[in-house]
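Visitor: Please find one structure pasted underneath; my questions will follow.
What follows draws every value from the coordinates through simple rules; no lab data is involved. Computed from a prediction, not measured in an experiment: that's the story for all the values here. Please note: Cβ atoms are built from the backbone with ideal geometry, for glycine as well, and neighbour counts cover all protein chains shown.
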Amino acid sequence: MLIAKIVYAGRFAPEDATKILQADISMQSIVFDRFKDEDTFGAQVAIFDVEHFTAEQYAFVKRWRASPSGFGRPIIFIVDDKTRARLISEGMSHEANLIRRPLDAENLTSLVRQLSLRRLGPPPQEKAKARTEHYIMFPKQAKALRAGNQLLDNVFGTALTGNRLDADEIARDSTAIIDTLGQTGVVSWVDAVRAHHDLTYQHCLLVTGTLLAVGHHLKMNKADLQRLAVGGLLHDLGKADVPTEILDKPSALTPEEQVIVRRHPVTGVERLAMIRNAPAELVAFVRDHHEYLDGSGYPNGLKAEQISDPVRLLTIVDIFAALIEFRAYRSPMTGLDAIRILDGMAGRIDMEILATVKPILSKVG
């Protein structure tokens, strides 16, 4: 049976979530003051209603995430605009899937079910083998993953608060990711991101890691690798303005929601105003990564000669990453299946660049 547990603070259990889920999911509500690590044993999904959380309770959740009972476990934070901003300021928005109040019954139930399937995963013997491999591998990635998540928290948090960042500082902060990819390769990076990171930041980290793997393969210098890293991390900056319930929706988007999402390159460029010394190439990464050579892309319908080679590379990697990553409404593709999709996009993407990067993409699951 699927078991989900809700942890809350304050006087009252979150009745909205409990009523939505209790119909066909075994539920247990736990007041935070009595929450212990072992309370989540046997639960495929842990849900935290953070409306009344204190700084100490956020810190406890951080420690729990590093413990055997919390490590790699799918969790959901129930948020509103205020608590979403608080999660970012606490450096925790990457720790879980976010779902916003007022809760939608279909979305919440579907998300819990999909995350439980992700948690249950392959047969027990394969799970044990995978867990052992991740524990051996993960320390090599830990510094880089923390750096990437902290950088994304800083950037997306700045987008919400209006503070300013410096592009050169962001480039320097990407060094840990660059060095890690050079040492361990793209396969272990993708495995680490898939196993230990939520849907919100997963895509940016996958894109960045794959871009850097290509850069290392082509023996790019450090400055060019930094440009790729910053472009990968910030290309979806405009999604800071997309409502959480759309970003994390566990089902296909409606046409109206697709219009909102398709605005993110434009709002991303607007958000770049908060980054000092943002180079023109970064503007192009943010604005043009959904443009196609035949003019069928968005937001400006650019054609071949108007799209730079670095952006063409980003477009290929962006599509590839979207295909291989977990989505609540579908299973991830293998790397080879994703390449077959890209092979069918002649006329829209640069096939010469695709041929160059296939040796890297084909290594991924």
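Visitor: Which entries in the list K239/K303; K62/K358; K239/K363; K249/K358 go over 27 Å, if you measure between the two C-alpha atoms of each?
Guide: K62/K358; K239/K363; K249/K358
Visitor: Here's a follow-up. Full-extension gain between V259 and S308, please, as 0.36 nm times their residue separation minus the C-alpha to C-alpha distance.
Guide: Extra length from V259 to S308 when fully extended: 15.1 nm.
Visitor: Assuming R0 = 35 Å, what is the FRET efficiency of Y298 and D80, from their Cβ-Cβ distance, to the nearest 0.05?
Guide: Calculated transfer efficiency: 0.70.
Visitor: Using DSSP to call loops (not H, G, I, E or B), can you name the trypsin sites (Lys or Arg not before Pro) in the stretch 203-235 whose Cβ has at most 14 other Cβ atoms within 10 angstrom?
Guide: Qualifying residues, ordered by number: K219.
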